[in-house]
Amino acid sequence: TDTTSLLAVDGLSAWYGEAQALREVSLRVGEGEIVTLVGRNGAGKTTLLRCLMGLQGRCSGSVSFRGEEITRLPAHRRARQGLGYVPDDRGVYSTLTVEENLTLPPRVGPDPWPLSRVYETFPRLAERRAFPGTKLSGGEQQMLALARVLRMGARLLLCDEPTEGLSPLIVQQIGDILREVRRQGTTVLLIEQNVHFALTVADRHYLLAEGRVVESLDNDEMRTREHELLGYLGI
Ligand code: ATP
């Protein structure tokens, strides 16, 4: 077992029927890190996060979290251990208010945030606390999705492209929030197609292609190769 990594993934494979979506993926995320998964559409990024959360049907390999093997645990048990998944559709309950979205889910994880701390970290949500989900902008929905998982007690956020479809100003705000969340002790693994944003927010990066981790890059390596990677990712 790995004693230094918060999350250790070894030889993770996943299938949709006959089609293999992940091939022997291995990676590490240390406590307090922000790490991105980059790769073209269809590379397997979403499938990987779903496997880590225990939401993916068929997968094999080993996942350990805080030194404990969680490979065979269902999603609710992983949430109890401190994993929190923020899906790309954000999963906001549209008929409920911001505050109801925050307070309804059970506080299952090891580090549930009090509402006051949520509102201090997400002042926008404090202003919008009585608004229904339908009245929120895309950026506000994303903030709510992140805040809800923190309120539930997650120690590791698994975020599926939190910046997708958001304006540059809001993307910057999401970046500030992720850094603040990390400062308060939460670790983040996020899917990110925006290489520039990935460089400003994260410490390290894994490049996925056709279900494999093909490269592991630190910020300096990523910066040096930004042009090449932008071309590769088709952006
Ligand atoms: P995106 O960011 O566009 O979601 P991704 O890198 O997250 O891309 P995945 O969504 O994980 O990639 O998909 C990996 C592979 O698995 C792709 O070939 C995709 O077509 C396939 N796949 C994804 N979901 C399903 C599904 N429900 N049924 C069958 N194949 C799927």
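The values are calculated or read from the model by the stated rules, or taken from the named source; none is laboratory data. Quantities reported herein were computed from a predicted structural model and do not represent experimental measurements. A quick note on method: Cβ atoms are made from the backbone with ideal geometry, for glycine too, and the neighbour counts reach across all protein chains shown. Keep in mind that these areas ignore ligands, DNA and RNA; they rest on the heavy atoms of the full protein, side chains included. Shrake-Rupley method; radii C 1.70, N 1.55, O 1.52, S 1.80 Å.
A few remarks follow.
- Couplings 3J(HN,Hα) of the range 11-17, computed from phi: x, 7, 10, 8, 9, 10, x Hz, in residue order, whole Hz [Karplus 6.51 cos²θ - 1.76 cosθ + 1.60, θ = phi - 60°; x for Gly and Pro].
- With DNA, RNA and ligands ignored, accessible area of HIS196 (1.4 Å probe; Å², nearest 10): 110
- Percent breakdown of C-alpha pair distances by 5 Å bin, ordered from the shortest bin, for the range 192-235: 5, 22, 37, 27, 8, 0
- 3J(HN,Hα) couplings calculated from phi for the range 18-35 with the Karplus curve 6.51 cos²θ - 1.76 cosθ + 1.60 (θ = phi - 60°) are, in sequence order, 7, 7, 8, 9, 10, 10, 6, 6, 10, 7, 10, 10, x, 4, x, 8, 10, 10 Hz; Gly and Pro show x.
- Per-residue ellipticity at 222 nm, computed for the chain from helices alone with -39500 (n - 2.57) per DSSP H run of at least four residues, works out to -10000 deg cm²/dmol.
- Computed magnitude of the charge dipole of the chain (debye, nearest 20; Cβ of K, R +1, Cβ of D, E -1): 760
- Options MET152, ASN219, SER26, ranked by Cα towards positive dipole end of the chain, top entry (Cβ charges): MET152
- Translational diffusion coefficient of the range 1-131 (Stokes-Einstein, Kirkwood radius from Cα pairs, 4 °C, 1.567 mPa s): 78 µm²/s.
- Using θ = phi - 60° and Karplus 6.51 cos²θ - 1.76 cosθ + 1.60, couplings along the range 138-150 (whole Hz; Gly, Pro as x): x, x, 5, 4, 5, 4, 5, 4, 5, 5, 5, 5, 5
- For LEU96, nonlocal amide neighbours, meaning residues 5 or more places apart or on other chains whose placed amide H falls under 5 Å from its own, are GLY133.
- Residue (of THR200, PRO162, LEU73) at the positive-pole extreme of the chain, dipole from beta-carbon charges: LEU73
- Accessible surface of SER26 - all protein chains present, 1.4 Å probe, nearest 10 Å²: 50
- LEU208 long-range amide H proximity, modeled H, under 5 Å: VAL38, GLY39, VAL214
- Rounded to whole Å, sorted largest first: equivalent-ellipsoid semi-axes of the chain, Cα gyration tensor: 27, 21, 17
- For GLY153, the residues whose amide H sits under 5 Å from its own are GLY109, TRP113, ignoring neighbours fewer than 5 places away on the same chain, with H placed 1.01 Å from N.
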